[in-house]
Amino acid sequence: MQVQGHYDPAQDRILLQLRGAPPVGDAALWLTRRQWTEIAAACGKVRPAVAAQENARGEPRGAPARAAKAGTRTPAEHAAAAATAALVTAVRFRRAPAGLRIEFATGAPVPLVLVLKAENLASFTDLVERLATKANWDLPAALARLGEAAPVPPAKRTLH
C-alpha cells in the first residue's frame, strides 16, 4: 500500500490518500489537526519499541521502504481525491507485531486499516512531521499539551 499526504490550507486539514488500501482499494481521508497530533503521538510511542525489537533480533537494518510520499499527484488528481474524501470521525491505535495498526473510522461500516511495520513506520512518521511543518502546526507543542492532558492518577496518601 502506498500512502500520500497533502495539506489543504483552505480546509486546514490533511488529505491522506491510501492507494491499495484493503478492502476498498484507493481511499482518501480528511484528518483534522487533533487527529494528526494523535497519530504523531502514537507513532512516537511505538517507534522506539520497534527499533529496540529490531536491535534485539540482530537483524541488519537496510534502507527503509518508502511507503509514505508527499505531493506526487497532479492538481487535477488531488482535486478529484479531495472531492471524494471521507471525513475521519475517529482514529484508533493498536500495537501490531513489530509495528502499529491505525484504524480510521468514517461513515463506512468497516474502518480503513493502515498497518505500519517496522520498515515503514519511520517513513510514515517522517511524513507526519513533514506535513505538520508544512501546515505550520507546532507539533512538539501539541504533543506536549497532549501529554499534559493525560489523566494523572491521584497520589496515594497514608493516613496516620
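Points to keep in mind about this one:
- Residue in region 135-142 that is surrounded by 15 or more Cβ atoms within 10 Å (Cβ to Cβ) and in contact with a Pro (Cβ under 8 Å, 6 or more places away or on another chain) present: yes
Rundown of residues vs (1) surrounded by 16 or more Cβ atoms within 10 Å (Cβ to Cβ); (2) at pLDDT 80 or above; (3) over 19 Å from ALA49 (Cβ atoms), yes/no style:
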{"residue": "GLU77", "(1), (2), (3)": "no, no, yes"}
{"residue": "ALA82", "(1), (2), (3)": "yes, yes, yes"}
{"residue": "VAL88", "(1), (2), (3)": "yes, yes, yes"}
{"residue": "PHE93", "(1), (2), (3)": "yes, yes, no"}
{"residue": "ILE102", "(1), (2), (3)": "yes, yes, no"}
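- GLU119 passes every criterion in (1) more than 21 Å from GLY20 (Cα to Cα); (2) touching a Gly at 6+ places or on another chain (Cβ under 9 Å); (3) of a type in the set (Asp, Glu) apart from (1).
- Residue check, ALA70 among the small types (Gly, Ala, Ser) and at pLDDT 85 or above: no
- Considering only residues in region 104-123 that are small (Gly, Ala, Ser), assigned to a helix (DSSP H, G or I) and in contact with a strand residue (DSSP E or B) (Cβ under 8 Å, 6 or more places away or on another chain), the one that is surrounded by the fewest Cβ atoms within 10 Å (Cβ to Cβ) turns out to be SER123.
- Count of residues meeting criterion [part of a strand (DSSP E or B) and either over 14 Å from ALA132 (Cα atoms) or at pLDDT below 90 (or both)] in region 5-29: 10
The values are calculated or read from the model by the stated rules, or taken from the named source; none is laboratory data. Computed from a predicted model, the values in this text were never measured in an experiment. Please note: Cβ atoms are built from the backbone with ideal geometry, for glycine as well, and neighbour counts cover all protein chains shown.
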